[in-house]
Structure formats: C-alpha cells, structure tokens
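Notes follow the structure.
The values are calculated or read from the model by the stated rules, or taken from the named source; none is laboratory data. Computed from a predicted structure; not experimentally measured. We place every Cβ from the backbone using ideal geometry, glycine too, and count neighbours over all the protein chains shown. Just the protein is used for accessible areas: all its heavy atoms, side chains included, with ligands, DNA and RNA removed. Shrake-Rupley method; radii C 1.70, N 1.55, O 1.52, S 1.80 Å.
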Amino acid sequence: MTEPMVEALDIYKSFGSVEVLRGINLTVMPGEVACVIGPSGSGKSTFLRCVNHLETIDAGRMRVEGDLIGYRESGGKLYELRESEVAHQRRDIGMVFQRFNLFPHMTAAENVMEAPRTVRRESKTKARERAVALLERVGLVEKCDSYPAQLSGGQQQRVAIARALAMEPKLMLFDEPTSALDPELVGEVLDVMRGLARDGMTMIVVTHEMGFAREVGDTLVFMDEGRIVEAGNPRDVLTNPREERTKAFLSKVL
Amino acid sequence: MTGPAVGTTKHEHPIEAVPLRHPGRWVAVAVLAVLAAMLVHTVLTNEGFRWDVVGRYLFSTPILNGLANTLLLTVLSMVIGVVGGIGLAVMRLSPNPVLTGAAAVYIWLFRGTPLIAQLLFWNYLSALYPRLGLGIPFGPVFVSADVNSLITPFAACLLGLGLNEAAYMAEIVRGGLQSVDRGQSEAAGALGLSRVQALRRVVLPQAMRVIIPPTGNETISMLKTTSLVVVIGYFELLTSAQRIYSTNFQTIPLLIVAAAWYLALTSVLSVGQGFIERKYGRGFNPTPSAGARMFFLRRNPEQAA
C-alpha cells in the first residue's frame, strides 16, 4: 500500500473565539488532484495554509508523506519544530496564492531563481537555466526579464507557479489561484495547472472553478462551516450531491 | 473587427481651443524677479558680507578640520543609527514580548530625553562609573579600565548622536518593514526561506523604498545636529567657524563659510539619495528603463491585435 501524500486527521483551528476548522479529515494520495470548494468563510483556505504550517493547528495531526508538519512526536509527546526545520519541510510543498505574491523587486526569472539560490545555494547559471526552462513550461519564456508590475495577472500567476515548481515540490497547494484574475485570463492559468496534473503532480486546489474541478480533479471536497460536508468523485458530487448543503451551494454557483 | 475603428478618428478633429490665460503667474514672476534682483544687489554691494574674508577662510585649515569632523561624526553616527535602528525595529516586530518591550523602552528613553542631555551624560559617565570592567555579574572582575580614558570626547559624541539616532531610525525602519505586504514573507516562507532569509532577500529590499527618503532626511539633519557636540567641548564645522569669529569678529562671513559647506554637503547627499532611491525602486518605477520602454512599444501593437 502506498503512503498518502497528505493525511489530515481531525484538524481543529480557531482564530480567537472563531472556530474555523472543526475536525477536518482528508487523505490525498500521490498523484491525486483534490479540489476543495465551499462558501467563503468555510475554512478551505485556512485548511490549505495548515498543510504547510503557514497556520498552526490547534488539534489533530497533519502529515505530509508520513511526516508530521510543524511538530515532532516522540514518547507520546509533541515537540514544536525549530523554524529551520519547518522551513526544510516547506521546501517540498509548493504554494500558489490568490494574490500571486510575486516579489515585485525581482524579474520573473529572479523570482523563480530565488529559492534555489537562497535555500539550495544553487549557482546563478544553473538556477537561471532552470528558471528559463520553468518559465518556458508556463509559456512565459519571453517575459524572463520583466518585472511583475509589467505582467498581466494571468502571467503573474503563471510565474508564481513556476516559482513554486523551482523547488521541485512533491505537493502543490493552490489557494484560489484564479480568483483575483480577470475572466479572460483564468484559462491560461488553468491550462498550466491542467498540465501539472497530467504530469502526475499531487495537488490540493481551493477553487471556485467547477469546470476545472470536474475535469481535472480526482476528488472534490465540499467544505462548509469548518467541516467537510461531502467528498468524492467530482462528477458524482457535482451532479448528484447527497447533502442538502452541497445542493444549496451548487445551486448558487452552477 | 467591423465598424469604425475608434483609434483613427482621434486625430481628424484635433482640439483647437484658445489656451486659458494665467495672468496671476505673470504677476508672480514679476514680483519674484524684483525681489531676486534686490537680493543679488544687496549681497553684492553690502560691505558687511566681506566676501574677501569668506574666500580667505573657505578652505582654511581650521575650517577644513571642522568639516572633516562633521563628516566623520555624521557618517559614523548614521552607521550606528541605521544598524541599531534595524536591530531595534526587528526586535520591535518580533513575536518575543521581551524583545518587543526592550525595544519599546529603548525608543521611549532615547526619544524622550534631549540629545544635549544625552551627550552630556555620556561625557560625564565617569562621574557615575569611574571604572568599567568585564567579569561575572555580581562576581569577580577580570579586566577593567578607567572610564575617562575609555570614553573620549569623540566616543561620547558617537554614543550620544548614534544611540539617539538609532531610536528614531528604529521607527523609520519599522514603518518600512510594516509597509511590505504580509503575503511577501508568507510566499518566501512557503518557498522554504527562513525568517532571516525572507527578511534579507524579500522584505528589507522592498522596505528600503519606504525607509530611504526619511533616512536621507535624518542624515541631512544629522549633518547639522553634530554641531551640538560643542556642549561637551568637541569641535566640528560650526564650532570651528565660531572659534575664528570670536577672535577676529568677522561673524557674518564665517557663518557664511559654514553655511556654504553645509549646503554643499546637503546637495551631495541629496544626489546620493536619488541614486539609492533608484536602486531600490527596481520593479516599482512607473518609468521603465529605455530598453524596457522600447520593448513595450514593440509589444503593444501585437497585444492589441
């Protein structure tokens, strides 16, 4: 039996008195594309941020490739990991943000080169070579030396995907990658993500793109009020939702 | 595409309007021109300015010595101020409440007391602590030194000016760091950069854009604040000028000498600030380099098509 890529066990998370996650259980196998949908405030982005420890969890266990994220367990006790150890865990987990978060003072190529250069101490020529290759993969090789401010939203998001791929992650997290884009730019980003899925990348995608979820997703997870209401084959969930809340949500967005 | 192309009709009917007149501007020009002429006239004809004395002292040894001290004090105090300010700002923003508190107390103390008092305090430190030593707290002392020989007037100047400046710089740097979107450090963290790496590579370079202009202000201000060291008997540009006019009574000409040097230094600093601002404006400037502009001109028609 293969080990799950991501294993979330009974995850709880509160911001102050607001309970955002109330017992999330989710398993994502290697090569699987899991799409997470749900109304805003349902906790789907927070859950995604817990996977790479951008948010600390209050209860439960988050494992990536069997390793606890953010903690070490020994003798039945949990120990918080040092910052450098958390940074080390994050190298294998790529993340793409809703607002791109490209480094505005660096060109597209420099954005992609940053982590390999700073974290892995790669040589400039090698990092540049790979950055160009990655930008070619997302169809932006001619924009290597453009600054983010000179790129459209769709182009920026594709650079952000290339930047995340530069660390050769085993898992990619997408936090509403197309929500900040003009409608006509959504397609180019989804195309790149489709290509990634085809190449076998394990992905968790928080999205509002039902078409993408249906076509590319292996699993569709519907979250509401901090819980997973329904999960399963995207076609089944989208066409034959079992839960009333899923039905109500889908009737609004489809 | 069908229908009339909007772009081509634009130049067929250029606007031919009578430009708005601005009589007020001409009045202002006339008034200012008269005032300027009066100023130049009086500066050239009033004997009191003694331009010959100004010329004689502008490059005289005592003035140049004072100038060197002004420069040295400014540069070293600003280095202490900037380094200390970055340290304090990082402490201030750290999740550790002890560090945050310590930085807050430092800033409160050094911003809240007069600089002259601080300079005098460092100068007279030996009255409080005649000897400073290295050893185990409350235990034996291994080496110790006489404070009067340890803290020379020059050292007291640097301590006073530098530590005071650090408190102001701390707030400037903190403002800069906080101006950078949180998503930037999150993105850096998600890529596997450590907090220090994210600060150095991603957050600080962007914060610099916000930090540089007020820091330029601080440097220019420091240039002139150094003249306060006169209270502990040290000398710099203005003190040198004062010493000379207290013996030859050519007060105005020597003040002009000092002012001219301050103006010259300030001008050089402003130019330098412009260079640094351009460096850290990378990726933010609305005016891309000539090469980039050409690039855009060539690409735009393609994109429009």
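For the options B:65, B:217, B:46, a Gaussian network treatment of chain B with springs between C-alpha atoms closer than 10 Å singles out B:46 as fluctuating the most. Here is the size of the range B:1-141 from its Cα atoms: Rg then Dmax, 31.8, 94 Å. Amide H contacts of residue A:59 (H built 1.01 Å from N, in plane; Pro and chain starts excluded): A:12 sit under 5 Å, all sequence-distant by 5 or more or on other chains. Partner lysines whose Cα lies under 30 Å from the Cα of residue A:44, excluding those fewer than 8 positions away in the same chain, are identified as A:13, A:77, A:170, A:247, A:252. Backbone amide hydrogens, once placed in the peptide plane, bring residue A:224 within less than 5 Å of A:229, excluding anything fewer than 5 places away on its chain.
The accessible surface of the protein assembly as shown, taken with every protein chain in place and a 1.4 Å probe, is 60 percent carbon and sulfur. Taking θ as phi - 60° and the Karplus parameters 6.51, -1.76 and 1.60, the scalar couplings of the range A:103-109 work out to 7, x, 8, 10, 5, 4, 5 Hz in sequence order, x denoting glycine and proline.
In units of the rule-of-thumb radius 2.2 N^0.38 Å, the range B:99-256 shows an alpha carbon radius of gyration of 1.41. The base-10 log of I(q)/I(0) for the range B:34-107, evaluated at q = 0.15, 0.17, 0.25 Å⁻¹, reads -0.71, -0.78, -1.01 [Debye formula, identical scatterers on Cα atoms, solvent excluded].
Just so you know, the Rg over Rh for the range B:157-239 is 1.18, from Cα atoms, with Rh as the Kirkwood radius.
A cut-off of 5 Å between modelled amide H atoms, ignoring neighbours fewer than 5 places along the same chain, links residue A:95 with A:173. Compared with its chain on its own, the range A:136-184 contains the following residues whose accessible area drops by 40 Å² or more in the full protein assembly (probe 1.4 Å; ligands, DNA and RNA excluded): A:143, A:147, A:150. Counted as membrane-span-like here are DSSP H helices of chain B whose alpha-carbon atoms extend 18 Å or more along the helix's own axis and whose Kyte-Doolittle mean is 0.5 or above; these are B:23-45, B:61-92, B:97-112, B:153-179, B:251-280. Hull volume per residue, based on the alpha-carbon atoms of the range A:30-177 and their convex hull, is 132 Å³.
Along its principal axes, the protein assembly as shown has C-alpha extents of 100, 89, 46 angstrom, given from the largest down. Start at zero, step by 5 Å, and the Cα-Cα distances of the range A:186-241 spread as 4, 18, 29, 24, 15, 9, 1 percent across the bins.
Remark: the range A:5-22, residue by residue, has Karplus-estimated 3J(HN,Hα) of 6, 10, 9, 9, 10, 6, 7, 10, 7, 10, 10, x, 8, 8, 7, 9, 10, 10 Hz, where x stands for each Gly or Pro and the curve is 6.51 cos²θ - 1.76 cosθ + 1.60 at θ = phi - 60°.
Quick one: accessible area per residue over the range B:217-259, 1.4 Å probe, rounded to a whole number of Å²?
Working: 1840 Å² over 43 residues.
That works out to 43 Å² per residue.
Taking every protein chain into account, the accessible area of the range B:14-133 amounts to 68 square angstrom per residue (probe 1.4 Å). Counted over the range B:129-172 with a bin width of 5 Å, the fraction of Cα pairs per bin, in whole percents, is 5, 19, 17, 17, 14, 15, 10, 3, 0. Charging the Cβ of each Asp and Glu at -1 and of each Lys and Arg at +1, and nothing else, the dipole of the range A:36-185 about its Cα centre rounds to 380 debye.
Find the Cα radius of gyration of chain B, compare it with 2.2 N^0.38 Å by division, and give the number to two decimals. Before the final figure, lay out the partial values.
Working: Rg = 28.0 Å, N = 305, 2.2 N^0.38 = 19.3 Å.
Normalised Rg, Cα atoms only: 1.45.
Percent of Cα pairs in the range B:61-190 per distance bin of 10 Å, from zero to the largest separation: 12, 29, 33, 18, 8, 1.
Compactness of chain A, taken as the C-alpha radius of gyration over 2.2 N^0.38 Å, stands at 1.01. Projecting the Cα atoms of A:228, B:264, B:119 onto the dipole axis of the protein assembly as shown, where Lys and Arg carry +1 and Asp and Glu carry -1 at the beta carbon, places B:264 farthest toward the positive end.
Note the buried accessible area between B and A here, summed over both chains, with a 1.4 Å probe, in Å² to the nearest 100. Could the numbers behind the result be given before it?
Numbers: alone 19850 and 12170 Å², together 29620 Å².
The summed interface area works out to 2400 Å².
A Cβ-based charge dipole, computed about the Cα centre of the protein assembly as shown with Lys and Arg at +1 and Asp and Glu at -1, lands at about 1220 debye. Placing +1 on each Lys and Arg Cβ and -1 on each Asp and Glu Cβ, with no other charges, gives the range B:106-219 a dipole about its Cα centre of roughly 260 debye. In percent, rounded to a whole number, the relative contact order of chain A is 26, using alpha-carbon pairs under 8 Å and six or more apart.
Comparing the full protein assembly with the isolated chain (1.4 Å probe, heavy atoms, ligands and nucleic acids excluded), the residues of the range A:85-105 losing at least 20 square angstrom of accessible area are A:87, A:90, A:97, A:101, A:103, A:104, A:105.
Solvent exposure of the range A:28-135, expressed per residue, is 42 Å² of accessible area, with all protein chains present and a 1.4 angstrom probe. Would you work out which of A:87, A:213, A:43 lies farthest towards the positive end of the dipole of chain A, given +1 charges on the beta-carbon of Lys and Arg and -1 on that of Asp and Glu, about the Cα centre? Going by the charge dipole, the pick is A:87.
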